[in-house]
Amino acid sequence: MSNTAVAPETGHPSPSSQPAVGSGKLERFIYDDAIVRAFAAATVVFAIVGMLVGLIIATQLAFPQTNVGWFHFGRLRPLHTNAVIFAFAGNALFTGIYYSSQRLLKARMFNDTLSWIHFWGWQLIIVAAAITLPLGITTGKEYAELEWPIDIAIAVIWVVFAINLFGTIAKRRERHMYVAIWFYIASILTVAILHIFNSLAIPVSPLKSYSLYAGIQDAMMQWWYGHNAVAFFLTTPFLGLMYYFMPKAAERPVFSYKLSILHFWSLVFIYMWAGPHHLHYTALPEWASSLGMLFSVVLWMPSWGGMINGLLTLRGAWNKVAEDPVLKFFVVGVTFYGMSTFEGPLLSIKSVNALSHYTDWTIAHVHSGALGWNGFISFGMLYWLAPRLFQAKLHSKKQAELHFWLGTVGMLLYIVPIYTAGVTQGLMWRAFDETGRLQYPDFVETVTRLMPMYWVRILGGTMYFTGVCLGAWNLLKTWMARPAAYADSVGEAAALDPNWTDPHPDTGKFMDWGWHRAWERKSLMFSVLVFLTVAASAIELIPTFLIQSNVPTIATVKPYTPLELAGREIYIAEGCYNCHSQMVRPFRAETERYGEYSKPGEFVYDHPFQWGSRRIGPDLHRVGGKYPHLWHVRHFENPPAVVANSIMPAFGWLISDDLNWPQVEKNVNGMAMIGVPYGDYVKAGTAEAHARAQAKEIADAIALEGGPKSLESKQVVAVIAYLQRLGKDIKGETAAKPVAKVDGAAAAAAAGGGQ
């Protein structure tokens, strides 16, 4: 810690305490604040959209009748997560990066055209996501649902963003790169790595592709991406924003430069290894999830180092915190960062994860980070920026205060009941009575018990959303008070002197920290070191991908039939993976409820894997043959008529809509291209014919059971074919067989343990 005066933009020792970094005449230049205003406006718009969709799907869980047609929970949940992560948080971090980078580097952005290509390209990607996801166009990979054309667009726009920022770094007038820039560099490089490798797929049509990975390899890659997308899209860039905007708002220097260095390098190295802890007790090799747990627990230390560095920056400024709503947002945001980064390592511990996984506990954890950390840092930043961007006084400080309290209380009312719901679920699922039987054998019992907690969540979500709308109004009114023409935001600095010498030379002693100041001067070397640090975690993936013994095969496991594959695509399109898992863990409570625990070799043809991360409905990995075909028809048609108190939406259109038969052949051909043994179908071109024949068998069986006739061309038979296949291969069975005639009452009576 040092009490040395700081430069207003860099946070480094002030010019009065060190030699000038430039030579010759001072250069004057104009910052590009227009692009910052554009990203700020998009942030506000998508905050409203993302939170509104979240409130809608929370209502759909508590009041299932609000699921209307295609706009049901399964399709809207990915829209919500993508809107909050990539639209709201994404635009917020771009707002902060474009504003702070120019000031920290003493340079206008590298290229104005690239800035606007980035802005409009990103907004078009968001619009494409908003159109495709509700239409069921999805890869089925959590947080990576967007199909291949959009994935390519994301990669292109991300490269545009990278060129613009690295170009600005290259032409900077500030010799040293401030800590915020370190985090921006790490975020850009790592997100590119994660997105590219997790999105590798074979396109089979303009809006359909198959992941190159299958089963446990796909799961390993997905959670290497999923965990680190949270790390390097929702954490590291926001830490960069914290390191810039919190000291600016508090008018205090960052607490510790040395702690910043330790925080940064330990975080970017450790974070990348922690992903497998999301897959405890699954078919993933135990060594992989144990390694993920180890790094997750260690991750607690650098995370809290960052939190401490942020909060202690406010030393001596607590009176200002009481008066300034901007600092209130920052303090609560950083506090929630600390809470989330303590809870994350806690949830990675196997004994805790055994209780929490698949429950709403995980949902509460995610929302405490998203609403508390990302949300409050973003709103605090926007309130601080508004007078500077719009060159007008903030419309209402009181409204900003009210927004803060609505958000804080609403957030607590949102997450506390969901924490309670998660623990309740976990304990009920594993409870046995005095006779040694499951105390709650019907899954729906655990769902109905949560309803009061879901109602309270809606209240909390409504308060938080009201605060967002109030904040949007406050910012809009500030914008409306802007001058007729904005004054240029002028910067002034000397060009870099190539003969300049560092006043803090590297003495060769680690704790002198001069070595790091030397790294900060060399942006290319610094970026390469960051890349190597994060890329080292790829070592973790190699054994799962290259050592065959990690994925022992099972002779009876065969590829899905063409009709079953088509049904799987409908299952994914409807977002069923958002409510159902397909992974029976090796716990007595789960094997008693669902059947034999899941084996690695059962998933070798699953592109993508469908293990899920939440159980609003029961696990489906052993559902094949559990119910007659007609039970499934009635269940899709009207779930509560078959399973009392079910909150599952009705899927009546599956019974009325025709299957896309030409797509069946394309799906099989695409799977064959990535190694699934469909060669006979491809050579003979018989995939569609085989699918039609199997559909006829299932439709005839449904009619025999007393159900509707002539369903052989409908989507429902494909989904039934897929569901009836699940879990059969482990028994050596490859297809569901027709059963005796069952009337509607009998089908309803067969609902024990249903959804």
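Nothing in this text is a laboratory measurement; each read-out follows from the coordinates by a stated rule. Quick caveat, the model's predicted, so the values are computed rather than measured. Glycine gets a Cβ as well: all are built from the backbone with ideal geometry, and neighbour counts include every protein chain shown.
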**Request:** Note down the relative contact order for the stretch 562-749 as a percent, whole number, built from C-alpha pairs under 8 angstrom at least six residues apart.
**Result:** 30
**Segment Ala487-Ala392, length gained on full extension (0.36 nm per residue, minus Cα span)** = 33.1 nm
**Prompt:** What is the distance, in nm, between label points placed 7 Å from the Cα along the Cα-to-Cβ direction at Trp473 and at Arg521?
**Reply:** 5.5
**Message:** If the reach is capped at under 24 angstrom between alpha carbons, list the lysines near Lys350, excluding any in the same chain fewer than eight residues apart.
**Reply:** Lys141, Lys599
**Asked** Viscosity 0.692 mPa s, temperature 37 °C: Stokes-Einstein D of the stretch 562-749 from its Kirkwood Cα radius, in µm² per second?
**Response** 192
**Item:** Cross-link pairs beyond the 26 Å C-alpha cut-off, checked among Lys320/Lys393; Lys171/Lys328; Lys320/Lys398; Lys696/Lys728
**Value:** Lys171/Lys328
**Message:** Taking only Cα atoms of the chain, what ratio of Rg to Rh do you get with Rh as the Kirkwood inverse-distance radius?
**Reply:** 1.00
**Asked** Among the aspartates and glutamates, which fall within straight-line cross-link reach of Lys248, defined as a Cα-Cα distance under 17 Å, with same-chain neighbours fewer than 8 residues apart omitted?
**Response** Glu9, Glu323, Asp324
**Complete:** Between Ser205 and residues 5 or more places away or on another chain, the pairs with built amide H atoms under 5 Å apart involve none
**Message:** With just the Cα atoms defining each centre, how far is the stretch 370-406 from the stretch 177-194? Give it in Å.
**Reply:** 25
**Per-residue HN-Hα couplings for the stretch 26-41 [Karplus 6.51, -1.76, 1.60; θ = phi - 60°; Hz; x = Gly/Pro]** = 5, 9, 9, 8, 10, 6, 8, 8, 4, 5, 5, 4, 5, 5, 5, 4
**Request:** Let me know the Rg and Dmax you get for the stretch 235-390 when you use only its Cα atoms, in Å.
**Result:** 17.1, 55
**Item:** Label point 7 Å beyond Cα of Ser713 along Cβ direction - residues of the stretch 636-670 with amide nitrogen under 18 Å
**Value:** 653-665
**Message:** Test of understanding: what is the full-extension gain from Phe587 to Phe197, defined as 0.36 nm times their sequence separation minus their Cα-Cα distance?
**Reply:** 137.1 nm
**Cα principal axis extents for the stretch 151-238, largest first, Å** = 49, 25, 15
**Item:** Ellipsoid semi-axes in whole angstrom, largest first, where each is sqrt(5λ) of the Cα gyration tensor of the stretch 307-378
**Value:** 29, 13, 7
